[in-house]
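Chemist: Okay, here's the structure, questions in a sec.
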Amino acid sequence: MQKLEGAPWEIDPYLKTGGYEAWRKCLKELTPNDIVGEIKKAGLRGRGGAGFPTGTKWDKVLNHRVQERYFVCNAGEHEPGTFKDRHLLKHIPHQLIEGCLIASRTVNAKASYIYVNHEYAEEEANLRKAITQARERGLLGKNILGTGVDLDLEVYSGHGSYVAGEETAMLESMQGRPAMPRQKPPFYPTDFGLYGKPTLVNNVETLCNIPQILKNGAAWFTQVGTEKCPGTMLFSLSGSVNRPGVYEMPMGVTIRDLIETCGGGVPNGRKIKAVFPGGPAFSMVTADQLDLPMDFDSLKKAGTGLGSAGTIVIDDATCMVAATLKYSNFFKGESCGQCPPCRMGTINLATLMDKIERGEGSRKDLDSLLQLCGFVKGTGYCTLITGAAVLVQSSLRLFQHEFEEHIRLQRCPFQPARTGAGANA
Ligand SMILES: Cc1cc2nc3c(=O)[nH]c(=O)nc-3n(C[C@H](O)[C@H](O)[C@H](O)COP(=O)(O)O)c2cc1C
């Protein structure tokens, strides 16, 4: 992602670096099948969390028998420790707009939206100003660049809830219904999305990669990263690091490299106790696993996940029970309440964690925690409850001694109980 001169919404600095060239090519030279072919060749995988192959998803909507289709860019970002889409919206809105125009045109969407987390007021304002400038230059709107193509983008000010970022919940909320996920199958957006029609949903970062791939070619894109996860990833690095921030690194960068080279290591001579490589909904890893490569497949093989690459570092002065409780409380607050195992499970997990942290827990509570995790995992319409259970399971597996110490002392052994909260974590 390149840094541009001037205000981020100004179109000229972006045009100077070859901005909207890919869009022009899509309007005048490339067919939708050419575009999908190039994205498949690049091997781009979705950056919103699941790592689904982008070309395959576009192909599905493009070749759907139903002709009325929609496109939605997902800028709902709300997970603790993830703030990379915010960075893209704020600093390079034109690259996102170009990616959205290409996506929308490729699948021949009837209407196209950018769903923005309503807490991102400044980012949304930048995006709106950038869209206005692109419209003034004839790059979107009616009869784009004299080609006869009409296409516009509408910014949709979304909800501030985590679940509303789940694609089916997002589409529900855009239709005026509660932001609750739908059961999949059958309600995959590619088949049954907005207004019950095929809908292409992609993450902000996924879409920002599109103009670069079409401008520079798939071979350029695959020069970095791993064979099965090509390209770069934007890592939101936070917690106990000297330089928290958003870092673009090749897929497959090691956790150590990210923390040390980008983040400048851990402050005050402290040591790493644990890392969430892909946010609190995936298992933690410990200090002896820092040489793990960070890409979808390697982290999955290691029993964790990349998610949307919200990497949170926890140092050795942190109470792991308190840190886990903080995220258990987050999941409890964010459960939409639709699926009973999630509604009750997130409350019970947080209640038991709180009891242990306060020094009122017993060994029986540890057994209950493990039993509950096993019971609720995989039971929701979305993965929120699974994430909440995986968090507690991994904390208990890796730091059982800390849980036992709370029970033995009947208080938190860390005074004060540090949760490892850093910027955005
Ligand atoms: C609870 C939950 C929250 C999610 N929040 C987001 C989000 O804020 N932004 C996002 O792009 N994807 C989010 N996702 C993933 C989306 O459902 C979807 O997979 C993604 O937007 C698809 O885009 P991609 O293929 O480009 O990754 C979330 C998923 C779950 C289960």
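Chemist: Express the carbon and sulfur contribution to the solvent-accessible surface of region 234-286 as a percent, rounded to the nearest whole number, probe 1.4 angstrom. List each step's numbers first, then the result.
Modeler: On the way: 840 of 1720 Å².
Reported share for carbon and sulfur atoms: 49 percent.
Chemist: Using the crude model of +1 on Lys and Arg Cβ and -1 on Asp and Glu Cβ, and no other charge, please compute the dipole size for region 258-351 relative to its Cα centre, in debye to 20. Don't skip to the answer; put the middle values down first.
Modeler: Details: 8 positive and 8 negative charges, 76 e Å.
Using only the charged Cβ atoms, the result is roughly 360 debye.
Chemist: Moving on to the next point. Can you bin every Cα-Cα distance in the chain into 20 Å intervals starting at zero and give me the percent of pairs per bin, rounded to whole numbers?
Modeler: It works out to 26, 55, 17, 1, in whole percents.
Chemist: Let me ask another. Isolated Cys in the chain by the 4.7 Å beta carbon test?
Modeler: C26, C73, C100, C208, C229, C262, C319, C336, C373, C382, C412
Chemist: Just to confirm the filter: which GluC sites (Glu not before Pro) across region 1-91 are DSSP coil and have at most 16 other Cβ within 10 angstrom of their Cβ?
Modeler: On the way: sites: E5, E10, E21, E29, E38, E68, E77; in loops: E5, E10, E29, E68, E77.
Of the GluC sites (Glu not before Pro), the ones in loops of region 1-91 whose Cβ has at most 16 other Cβ atoms within 10 Å are E5, E10, E29, E68.
Chemist: So, one more: How many Å² of accessible area per residue for the chain, probe 1.4 Å?
Modeler: On the way: 17150 Å² over 425 residues.
Value for the chain: 40 Å² per residue.
Chemist: Relative contact order, percent, of the chain when contacts are C-alpha pairs under 8 Å separated by at least 6 residues? It would help to have the intermediate numbers written out before the result.
Modeler: Details: 867 pairs, mean separation 68.8, N = 425.
Reported relative contact order: 16 percent.
Chemist: Give a quick list of trypsin sites (Lys or Arg not before Pro) in region 346-403 that DSSP marks as loop, anything other than H, G, I, E or B, with at most 15 other Cβ atoms within 10 Å. List each step's numbers first, then the result.
Modeler: Numbers: sites: K355, R358, R363, K364, K377, R397; in loops: R358, K377.
Qualifying residues, ordered by number: R358.
Chemist: How far apart, in nm, are two points set 7 Å out from the Cα along the Cα-to-Cβ line at T132 and at D150?
Modeler: It is 2.4 nm.
Chemist: Also, quick follow-up: Which distance in Å, rounded to a whole number, links the C-alpha centroids of region 11-30 and region 36-51?
Modeler: 21
Chemist: If I stretch the segment between Q223 and T286 completely, what's the gain in nm (0.36 nm per residue apart, minus their alpha carbon distance), one decimal? Walk me through the numbers on the way to the answer.
Modeler: Values: separation 63, 0.36 × 63 = 22.68 nm, distance 3.03 nm.
Stretched out fully, the Q223 to T286 stretch lengthens by 19.6 nm.
Chemist: Which of rounded, prolate, oblate describes region 11-221, given a ≥ b ≥ c as roots of the alpha-carbon gyration tensor eigenvalues and a/c under 1.5 marking rounded, otherwise prolate only if a/b is larger than b/c? Mind dumping the intermediate values first?
Modeler: Working: a/c = 1.44, a/b = 1.19, b/c = 1.21.
Here region 11-221 falls in the rounded category.
Chemist: When the dipole is taken about the Cα centre of the chain, and only Lys, Arg (+1) and Asp, Glu (-1) are charged at their Cβ, what size is it in debye, to the nearest 20? Walk me through the numbers on the way to the answer.
Modeler: Details: 48 positive and 45 negative charges, 112 e Å.
In total the dipole reaches around 540 debye.
Chemist: Hey, another quick one. Would you please give the FRET efficiency between T379 and H401, computed as 1/(1 + (r/R0)^6) with r the Cβ-Cβ distance and R0 = 25 Å, to the nearest 0.05? Don't skip to the answer; put the middle values down first.
Modeler: Numbers: r = 30 Å, r/R0 = 1.19.
My answer for the efficiency is 0.25.
Chemist: How many percent of the accessible area of region 320-409 is carbon or sulfur, using a 1.4 Å probe? Numbers along the way, then the final one.
Modeler: Numbers: 2120 of 3890 Å².
Answer for region 320-409: carbon and sulfur cover 55 percent of the accessible area.
Chemist: Next question, about the same structure. Where in the chain are the helices, taken as whole DSSP H runs, whose Cα atoms extend 18 angstrom or more along the long axis and whose Kyte-Doolittle mean reaches at least 0.5?
Modeler: On the way: long enough: 93-106 (20 Å, 0.19); 121-136 (23 Å, -1.19); 204-216 (19 Å, 0.24); 320-334 (21 Å, 0.07); 340-357 (25 Å, 0.04); 363-376 (20 Å, 0.33); 384-409 (33 Å, 0.38).
Sorted by number, there is nothing, because no helix extends far enough and scores high enough.
Chemist: Ranked by accessible surface with a 1.4 Å probe, highest first, in what order do K273, K300 come?
Modeler: Details: K273 30, K300 150 Å².
Accessible-area ranking of K273, K300, largest first: K300, K273.
Chemist: Now, a different point. Assuming R0 = 22 Å, can you tell me the calculated FRET efficiency for the pair R177 and A111, based on Cβ-Cβ distance, to the nearest 0.05? Intermediate results must be reported in sequence, preceding the final value.
Modeler: Details: r = 18 Å, r/R0 = 0.81.
With R0 = 22 Å, the Cβ-Cβ based efficiency is 0.80.
Chemist: What is the Cα centroid distance between region 72-149 and region 305-331, reported in whole angstrom?
Modeler: About 31 Å separates the Cα centre of region 72-149 from the one of region 305-331.
Chemist: May I pose another question? Could you tell me how far the Cα centroid of region 337-393 sits from the Cα centroid of region 185-263, in Å?
Modeler: 30
Chemist: If you don't mind, another one. Which of the listed residues, V246, T232, G279, is farthest toward the dipole's positive end in region 232-315, when Lys, Arg count +1 and Asp, Glu count -1 at the beta-carbon?
Modeler: It is G279.
Chemist: Next up: Quick check: residue separation of A50 and D367 times 0.36 nm, minus the Cα distance between them. What number comes out in nm?
Modeler: Full extension of this stretch gives 111.0 nm more.
The values are calculated or read from the model by the stated rules, or taken from the named source; none is laboratory data. Keep in mind that what you see is a predicted model, and the values were worked out from it rather than measured. Here the Cβ is made from the backbone with ideal geometry for all residues, glycine too, and neighbour counts use every protein chain on show. Calculation scope for accessible area: heavy atoms of the full protein, side chains included, ligands and nucleic acids excluded. Shrake-Rupley method; radii C 1.70, N 1.55, O 1.52, S 1.80 Å.
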